[in-house]
Amino acid sequence: MVSPDVTIKHLLAHTSGIPDYYDEEEVDDFEDFFLDIPWYRLKHPTDYLPLFPDKPVKFPPGEGFSYCNGGFILLGAIVEAVTGKPFQAFVQERVFDALGMEESGFFPMNALPERTAFGYVKKPEGWITNIYHLPIIGASDGGAFTTAADMQRFWRGLWAENVLSPDLRGLFWKPNRRAEDEGPDVYYGHGFWVKAPMARTPFPFLEGADAGVSFQSLFIPESDTVITLLSNTLEGIWPLAGIIHAHIAGNLPAHSQADTTTETT
């Protein structure tokens, strides 16, 4: 049971404290992780609800930070309840189509369109595809397919206010909670990570990894710079991502630190 004190804002900011069905703080092997429900039955956010563990909350809502895939599953279920549409169809219409992201979408793993890369998992006997290691189709906690060119359209479309109002965009991209495990200058906003080096201009980024995939995309509005890294292995992007972040952080313009460290609930 999720506490009635948990809000959409808590879920967006990973400050709800609810126990996670896929707790990244407890998973030992991201490439050999399986659930009690077969992957091929996970098609909608509500399909994940029976997987939520019967555990105590990690902390009262708003009093901590813990990345929670389950929180985003709940957000997807809310979207479906409010709109009456499948989550994937809603995102296709309101994000991918609205921003001209013609090569992006939630594609079934057993019916991938042409020019779609498979993810790969390394086993003792060699490399295998990740088709049996992930839900059959992505949901609200991840799993969309995209390209570097479409991510440019995504960031620039958000900046041009084609999807979000300036107030919402500002809320999503403003540093909210320090993510200590991610580094001394990494925060989370609402749905976006934020790199906020000391006295430097913060910038938003998205990232994710799973069996056979790793991804990161960042946006620096002041210079209209988009950098997107995609790999079809779990570890593929991370060495380069670290180098890029360090270089960018050292070359950002000065910024008031008071604007980068505000934490809200």
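Descriptive notes on the structure:
- Here F219 clears all of (1) touching a residue at least 60 places away in the same chain (Cβ under 8 Å); (2) more than 23 Å from G236 (Cα to Cα) except the condition numbered (2).
- Of the criteria (1) exposed (fewer than 14 other Cβ atoms within 10 Å of the Cβ); (2) at pLDDT 95 or above; (3) assigned to a loop (DSSP other than H, G, I, E, B), which one F34 fails: (2)
- Once the range 226-260 is narrowed to residues that are of a type in the set (V, I, T) and out of contact with any helix residue (DSSP H, G or I) (no Cβ under 8 Å at 6 or more places or on another chain), the residue that is modelled with the lowest pLDDT is T260.
- Enumeration of residues in the range 166-193 that are open to solvent by less than 50 Å² (accessible area, probe 1.4 Å), over 29 Å from L42 (Cα atoms) and free of Cβ contacts under 8 Å to residues at least 24 places away in the same chain: R169, G170, G183, V186
- For Y48, the conditions (1) assigned to a loop (DSSP other than H, G, I, E, B); (2) open to solvent by less than 40 Å² (accessible area, probe 1.4 Å) all hold with the exception of (1).
- Filter result for F106 (without any contact (Cβ under 8 Å) to a residue 40 or more places away in the chain, more than 29 Å from D181 (Cα to Cα) and crowded, with 17+ Cβ neighbours inside 10 Å): yes
- The combined condition, being exposed (fewer than 13 other Cβ atoms within 10 Å of the Cβ), assigned to a loop (DSSP other than H, G, I, E, B) and more than 18 Å from the chain's Cα centre (by Cα), is not fulfilled by P61.
- Identity of the residue in the range 110-119, at negative phi and over 19 Å from the mean Cα position of the chain (by Cα), that ends up most open to solvent (accessible area, probe 1.4 Å): E114
- Restricted to the range 150-237, the set of strands (runs of 3 or more DSSP E) holding at least 2 residues that are over 15 Å from the mean Cα position of the chain (by Cα) comprises 225-231.
The values are calculated or read from the model by the stated rules, or taken from the named source; none is laboratory data. Since this is a predicted model, take the numbers as computed values, not measurements. Neighbour counts are summed over all protein chains in view; Cβ atoms, including those assigned to glycine, are modelled from backbone coordinates with ideal geometry. Just the protein is used for accessible areas: all its heavy atoms, side chains included, with ligands, DNA and RNA removed. Shrake-Rupley method; radii C 1.70, N 1.55, O 1.52, S 1.80 Å.
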